[in-house]
Amino acid sequence: MSLRSLDRRQFFGAASALLPAAASVRGQSASRRPNIVFLMTDNHRWDLLGCAGNEIIQTPNIDRLAERGTRFANSFCTTSICAATRASILTGEFRREHGYTFTMPAMSVQRMDRSYPTLLKQSGYRTGFVGKLGVEVDPRAPERMFDFYRPRIASSTRNPYYREADDGTVKHVTTINGDDAVEFIRTSSQDQPFCLSVSFSAPHPEDDHIDQYIFDKELRALYERDVIPPPPIQEHEHFHRLPGFIQVSMSRQRWFRRFDTPEKYQRMMKGMYRLITGVDRQVGRVVAELERRGFDDNTVVVFTGDNGIMIGEHGLTGIWLMYEGSIRKPLIIADPRLSESHHGVTAEQMTLSFDCPATMLDLAGVPIPEQMRGRSLVPLMRGEAPDWREDFFYEHLYERETIPKSEGVRTERFKYVRYFERNPVYEQLFDLAADPNEITNLAGDPKHGATLLALRARCDELRDSVGGPYVRGM
């Protein structure tokens, strides 16, 4: 037996029984408001799942959610940094609208009163939160948002992955998140619908740790014999064609920590894969507990990430920039009440981070507030074909010298990016159909002048609809 087969049996022996086999809405579930479990990872690329075509990574429990639901293959964030995008997920607003990112004042009670957990709680849901909130909020806000609140974050040696759990033992924080999620489910009742949000820190690195990706030691043997494919556009192929301000940006600085040699690349990527597999194990625990308590036939499970991450493409890593690796993330929604014909579906429409709160409110029968920019994905899950967005606005406004601010628009074919604080403004234009790896900047090509002008104007239009040009301190 191969090591790969042994690993699967050792860690996922019971995986095949974790999700229900029901083919349609059952019993009373059609008339009851559904429970909702919202699972989110941190810095998780869209292509690091088995169901997304990755043949190495082991994510059987998440893959099974895709088999029982809809995988949205083109899911994006509108700001690739955890603080801002998590605020967008809570509120349904763009970064320019909610005004929050790192170093900004805590989000107010009034704004959190318009967040999806507060609205669900006010409508009668029992609400719980486990893991990384990632947003500073007024100290009075969590009590108004959640009935059950277990915030635990791993992001640095000050907030490490390995820590003391409530029972006094030392555990990986991903496992502690799973423990807390299971406790919430065990203490929930059939008489009250619930919404549990589980926000894993994984696979975010401990940024100041030499090993970066601090995985559960139980998974050490996993992937040892695998060879992780290199990034599609490696450092020596493209880096020197990038503008100088990107060459010296934090995206390059952190590349040296993680990916500047082939040996380091393998070690770091295997650590990242193990962190994701560790999340998958906890997803299995959560779904198994839903089954054990009899909630499985009426619980919608949403799995997503806050943003992606670049893994060495162009000689860069991290988030922030508008490259595909940074802005694309996974999204899967499994609703057991839908018929079997709506299982195992891959939807190609563009979805955005703040479609998740809109979808959860719609599932719960709660009106979607006007300020929420997202759209419910329920019609797409049902196989309907509503008019859908053909582009979206991206912005990155974090005040840090080594992270250039940018904004842009992505359509189904083209991507326009501008670094608006450069003098002169630096623009990029990529034809994603002909150049999916974003190698050739067409912004200076006269053949694409009309496209550049059209997307520049569209970027202005979308920007102005959500707050207008950036003003320092916004």
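The values are calculated or read from the model by the stated rules, or taken from the named source; none is laboratory data. Not measured: the values here are computed from a predicted model. FYI the Cβ positions are ideal-geometry reconstructions off the backbone, even for glycines, and counts take in every protein chain you see.
Remarks
- Residue list for segment 261-279, filter: surrounded by fewer than 24 Cβ atoms within 10 Å (Cβ to Cβ) and either in contact with a helix residue (DSSP H, G or I) (Cβ under 8 Å, 6 or more places away or on another chain) or more than 23 Å from ASP211 (Cα to Cα) (or both): LYS264, TYR265, MET268
- In segment 158-186, residue modelled with the lowest pLDDT [restricted to those that are surrounded by 13 or more Cβ atoms within 10 Å (Cβ to Cβ) and in a loop (DSSP other than H, G, I, E, B)]: ALA165
- Residues in segment 77-111 that are out of contact with any Ser or Thr (no Cβ under 7 Å at 6 or more places or on another chain), basic (Lys, Arg) and more than 10 Å from GLY134 (Cβ to Cβ): ARG96 alone.
- Tally of residues being in contact with an Asp or Glu (Cβ under 7 Å, 6 or more places away or on another chain) and closer than 28 Å to LYS171 by Cα across segment 279-304: 1
- In segment 363-376, the condition of being within 24 Å of the chain's Cα centre (by Cα) and not assigned by TED's automatic domain parsing to the domain that holds ARG111 is met by no residue.
- Some residue of segment 360-372 being within 26 Å of GLY50 (Cα to Cα) and not in a loop (DSSP other than H, G, I, E, B): yes
- Scanning segment 144-156 for residues that are assigned to a helix (DSSP H, G or I) and touching a strand residue (DSSP E or B) at 6+ places or on another chain (Cβ under 8 Å) yields a single hit, MET145.
- Residues in segment 438-466 that are in a loop (DSSP other than H, G, I, E, B), under 24 Å from ARG328 (Cα atoms) and of a type outside the set (Ser, Thr, Tyr): GLU438, ILE439, ASN441, LEU442, ALA443, VAL466.
- Cross-chain or 6+ apart pairs with Cβ under 6 Å, segment 183-194 first and within 13 Å of VAL286 (Cα to Cα), then assigned to a helix (DSSP H, G or I): ILE185/GLU289
- Any hit, segment 426-434, residues being among the hydroxyl-bearing types (Ser, Thr, Tyr), at pLDDT 95 or above, farther than 19 Å from GLY318 by Cβ and not in a loop (DSSP other than H, G, I, E, B): no
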